[in-house]
1. Any residue at all in the stretch 230-243 that is hydrophobic (A, V, I, L, M, F, W, C), closer than 18 Å to Gly78 by Cα and touching a Pro at 6+ places or on another chain (Cβ under 7 Å)?
2. Quick one: is Ala199 buried (at least 17 other Cβ atoms within 10 Å of the Cβ), over 15 Å from Tyr236 (Cα atoms) and of a type in the set (Gly, Ala, Ser)?
3. Check Val161 against each of (1) more than 18 Å from Met267 (Cα to Cα); (2) among the hydrophobic types (A, V, I, L, M, F, W, C); (3) part of a helix (DSSP H, G or I) and name the one condition it does not meet.
4. Which of (1) closer than 21 Å to Val110 by Cα; (2) crowded, with 22+ Cβ neighbours inside 10 Å; (3) among the hydrophobic types (A, V, I, L, M, F, W, C) does Phe194 not meet, given it meets every other one?
5. Here is a list: Val39, Val66, Val26. Which entry is at pLDDT 70 or above and in a loop (DSSP other than H, G, I, E, B)?
6. Could you list, in sequence order, the residues of the stretch 106-157 that are more than 24 Å from Thr201 (Cα to Cα), of a type in the set (A, V, I, L, M) and not in a helix (DSSP H, G or I)?
7. Please tell me if Val231 is at pLDDT 95 or above and among the hydrophobic types (A, V, I, L, M, F, W, C).
8. Among the candidates Val118, Val169, single out the residue that is out of contact with any Leu (no Cβ under 8 Å at 6 or more places or on another chain), closer than 22 Å to Ser257 by Cβ and among the hydrophobic types (A, V, I, L, M, F, W, C).
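The values are calculated or read from the model by the stated rules, or taken from the named source; none is laboratory data. These numbers come from a predicted model, not from an experiment. Note that each Cβ is placed from the backbone with ideal geometry, even for glycine, and that neighbours are counted across all protein chains shown.
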Amino acid sequence: MSSQPPIGQVQSAVRNAPGVPVIRNVNWGGLRTLYVKEVRRFFKVQLQTVWAPAITTLLFLVIFTVANGARAPVRVGGTVVPFADFVAPGLIIMGMMQNAFANASFSLLVGKIQGTIVDYLQPPLSTGELLAALTGGAVTRAFCVGTAVWLAMSLWPDVHVTPQHPLAVLWFGLLGALFLSLAGVLTSIWAEKFDHAAAVTNFVIAPLTLLSGTFYSVDHLAPAFRAFSHVNPFFYVISGFRYGFLGTADSPVMLGSVVILAIDVAMGVLCYTLLRRGWKLKN
C-alpha cells in the first residue's frame, strides 16, 4: 500500500514555486529585527555610546559659559539672548549629529572588516529595508543622546532650554540626525578600515560642525566667513534647531528646512543606489 499522499494534497501544500518571492510587500518582521539589533548594539555599551557623549557635551557648556560668562548677550536674528541659552541648543544638536554619524558608520564597516557583512546582505531584506533599519538605529541613538543632554541642561543653573516651538525642535532634530545617519552609511560603504571612517569624522564632520555657528552667531563674522557658513548644511540644522528653543534664528527657518530635506533625499537616493549595486560590499 503506497504511503504517498494524493497529488492534490501535495500541490496544495506547495504555497510558492521556487524563485517566487514570498514577501511581496514590506518585510516588517525583518525590518524590525534589524532595527532592534542596531539599537541593542549601542545600548549594550550605553555608558560609552549615550552617557559619555552627553557628559562631554555638557562639559562644553560649562567651559564656554564660564569662559564667556553665563549672562553674556548674543544677538540672534535681531534678538538679544544670554550666551548660555544661545549655545545650549547648538550643543544638543551637535551631540545628536555626531553620534548619529558614529553609529551609522560602524555597522557595515565592522561587517566588512570582520567578514560578517553577509549577515546584512543575505537576509530577505530589500535595499530600502536595510537602509531604513541602519538609519533608524542611528537616529534612535541621536535622540537618546539629545534627550540625555537636554535633561542635564534643564537642571543646570542659568540655562533655559524650554522649547518655544517643540515641532521645530523635533523636525530639525530628525533632519539633522537623518543627514548624518545617511552620511555615516555612505562612509561605511566607502571605507575599508576604521582609519577611513576616522578621517571623515576628523576632517569633514567635526570641522563643519564647529564652523556652523554652534558657539557663535554668524552675524558677527566677516562677509567671507559668513558666506562660507551659509553654504554649510550644518548651519541650517543648528539654526533651525536653535529656533525651536529661542524663537529666533540666524537664517530663514523654511529655507533651512527645504535645504536639509533636499540633501537628505539626495543622500538617501545615493546610499540606496550604492547598497543596491553592492559597491565595495560584495567583493
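1. Yes, the conditions are met somewhere in the stretch 230-243.
2. no
3. (3)
4. (2)
5. Only one candidate qualifies: Val26.
6. Selection gives Leu125, Leu155.
7. no
8. Exactly one of Val118, Val169 is out of contact with any Leu (no Cβ under 8 Å at 6 or more places or on another chain), closer than 22 Å to Ser257 by Cβ and among the hydrophobic types (A, V, I, L, M, F, W, C), namely Val169.
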